[in-house]
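Q: Sharing a structure below in structure tokens format, with a few things to ask.
The values are calculated or read from the model by the stated rules, or taken from the named source; none is laboratory data. For clarity, every value in this text was computed on a predicted model and none was experimentally measured. Heads up, the Cβs are rebuilt from the backbone with ideal geometry, glycines too, and the neighbour counts pull from every protein chain shown.
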Amino acid sequence: MRTLARYSQISNRKKDTQRENSSERRGRSRVFGHAFAEFSVAIVLLGGFVIALSALALVPIRFLIANGVFTNAVQSAALSETRSSASSLIDDAPLLGLAQSCGIDFGDATISIVCVNQSGGSLTVSGQSPVPAQWLPGGSNTPCTYSLHVDQKVTIEPLLHGMTSTFATTLHGDSCWENLGCDPTTKGFYINE
């Protein structure tokens with residue numbers, strides 16, 4: 001009889017322990033479900049913040065791309081044979097198409113030649129106007145340093161149009177004009193053609 005009573009006490013303890021464990025599991029699952037709902041809201045907010053931050057961070061990256069493409073175009077144009085070919089090279093630079101596919105729009109470019117002599121005097125010739133004879137090699141204001149100066153408007157599109165607006169700026173670039181030679185047929189300087 002004693003063994004039977006002992007056996008029933010042990011089995012009652014097991015049943016009580018099982019009931020406690022199942023109620024603890026139910027309580028834990030409720031707590032877990034509640035925490036999951038709060039956690040999912042935090043994840044959604046974090047995801048929105050990351051998307052907004054990446055949209056804002058993309059504009060400076062595109063600006064660096066635009067500046068690199070522009071600098072490359074100005075340096076290539078300064079190596080042109082004539083000023084008119086430099087102007088067409090700035091407008092049709094090979095990398096401009098690639099930059100436009102990245103959301104960068106290049107506007108009109110303003111090209112000028114800047115002449116600086118040794119005494120500090122300077123002359124800026126805009127557009128296709130010729131450089132005066134006194135500023136050309138062998139003139140009265142020489143020796144001079146000649147540089148190609150380009151101003152170009154750039155518009156950079158954001159990643160998400162609702163969050164930020166377009167970024168518009170003007171890029172400025174200078175590069176030394178290399179070709180100071182004369183055209184053998186017209187006897188005029190290439191810098192004026």
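Q: When the residues of the stretch 146-167 are narrowed to those that are out of contact with any Leu (no Cβ under 9 Å at 6 or more places or on another chain) and at pLDDT 90 or above, which ends up surrounded by the fewest Cβ atoms within 10 Å (Cβ to Cβ)?
A: Looking at the filtered set, the residue picked out is THR155.
Q: Exactly one condition in (1) at pLDDT 85 or above; (2) in contact with a strand residue (DSSP E or B) (Cβ under 7 Å, 6 or more places away or on another chain); (3) not charged (D, E, K, R) is false for THR142; which is it?
A: (1)
Q: Tally the residues that are assigned to a loop (DSSP other than H, G, I, E, B) and touching a residue at least 12 places away in the same chain (Cβ under 8 Å), restricting the search to the stretch 131-165. Spell out the reasoning first.
A: Kept after step one, since they are assigned to a loop (DSSP other than H, G, I, E, B), are these residues of the stretch 131-165: 131-132, 136-143, 157-165.
Checking the rest, the ones that are also touching a residue at least 12 places away in the same chain (Cβ under 8 Å) come to 131, 136-137, 141-143, 157-160, 163-164.
Residues flagged as assigned to a loop (DSSP other than H, G, I, E, B) and touching a residue at least 12 places away in the same chain (Cβ under 8 Å) within the stretch 131-165 amount to 12.
Quick grid of which residues meet (1) of a type in the set (A, V, I, L, M, F, W, C); (2) within 13 Å of the chain's Cα centre (by Cα):
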position	(1), (2)
PHE49	yes, no
ALA52	yes, no
LEU56	yes, yes
ALA66	yes, yes
THR71	no, no
ARG83	no, no
PRO94	no, no
ASP108	no, no
SER119	no, no
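Q: Output the residues belonging to the stretch 72-86 that are surrounded by fewer than 19 Cβ atoms within 10 Å (Cβ to Cβ) and β-branched (Val, Ile, Thr).
A: Of all residues in the stretch 72-86, those surrounded by fewer than 19 Cβ atoms within 10 Å (Cβ to Cβ) come to 72, 75-76, 79, 81-82, 84-85.
The one that is surrounded by fewer than 19 Cβ atoms within 10 Å (Cβ to Cβ) and β-branched (Val, Ile, Thr): THR82.
Q: Then there is this: Kindly indicate whether VAL69 is surrounded by 19 or more Cβ atoms within 10 Å (Cβ to Cβ) and closer than 29 Å to ILE51 by Cα. Walk me through it before giving the result.
A: Values: surrounded by 19 or more Cβ atoms within 10 Å (Cβ to Cβ): yes; closer than 29 Å to ILE51 by Cα: yes.
Judged against the criteria, VAL69 is a match.
Q: Sticking with this structure for a sec: I need a count of the residues in the stretch 88-111 that are assigned to a helix (DSSP H, G or I), hydrophobic (A, V, I, L, M, F, W, C) and either surrounded by 14 or more Cβ atoms within 10 Å (Cβ to Cβ) or modelled with pLDDT of 85 or more (or both).
A: Narrowing the stretch 88-111 to residues assigned to a helix (DSSP H, G or I): 88-91, 94-101.
Subset that is hydrophobic (A, V, I, L, M, F, W, C): 89-90, 95-96, 98-99.
With the extra rule that they be either surrounded by 14 or more Cβ atoms within 10 Å (Cβ to Cβ) or modelled with pLDDT of 85 or more (or both), the set shrinks to 89-90, 95-96, 99.
Residues meeting the conditions: 5.
Q: Collect the residues in the stretch 61-82 that are more than 30 Å from THR186 (Cβ to Cβ) and touching a strand residue (DSSP E or B) at 6+ places or on another chain (Cβ under 9 Å), keeping them in residue-number order. Full working, then the answer.
A: Applying the first criterion (more than 30 Å from THR186 (Cβ to Cβ)) to the stretch 61-82 yields 61-72.
Residues satisfying the conditions are ARG62, PHE63, ILE65, ALA66, ASN67, VAL69, PHE70, THR71.
Q: Can you tell me which of ALA109, ALA77, ALA99 is touching a residue at least 60 places away in the same chain (Cβ under 8 Å), touching a helix residue (DSSP H, G or I) at 6+ places or on another chain (Cβ under 7 Å) and not β-branched (Val, Ile, Thr)?
A: On the way: ALA109 fails: touching a residue at least 60 places away in the same chain (Cβ under 8 Å); ALA99 fails: touching a residue at least 60 places away in the same chain (Cβ under 8 Å).
Checking each option against the conditions leaves just ALA77.
Conditions (1) in contact with a Cys (Cβ under 9 Å, 6 or more places away or on another chain); (2) at pLDDT 85 or above; (3) under 25 Å from THR166 (Cα atoms), marked per residue:
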| site | (1), (2), (3) |
| --- | --- |
| ARG2 | no, no, no |
| ASP16 | no, no, no |
| GLU20 | no, no, no |
| SER23 | no, no, no |
| HIS34 | no, no, no |
| ALA42 | no, no, no |
| LEU56 | no, no, yes |
| THR71 | no, yes, yes |
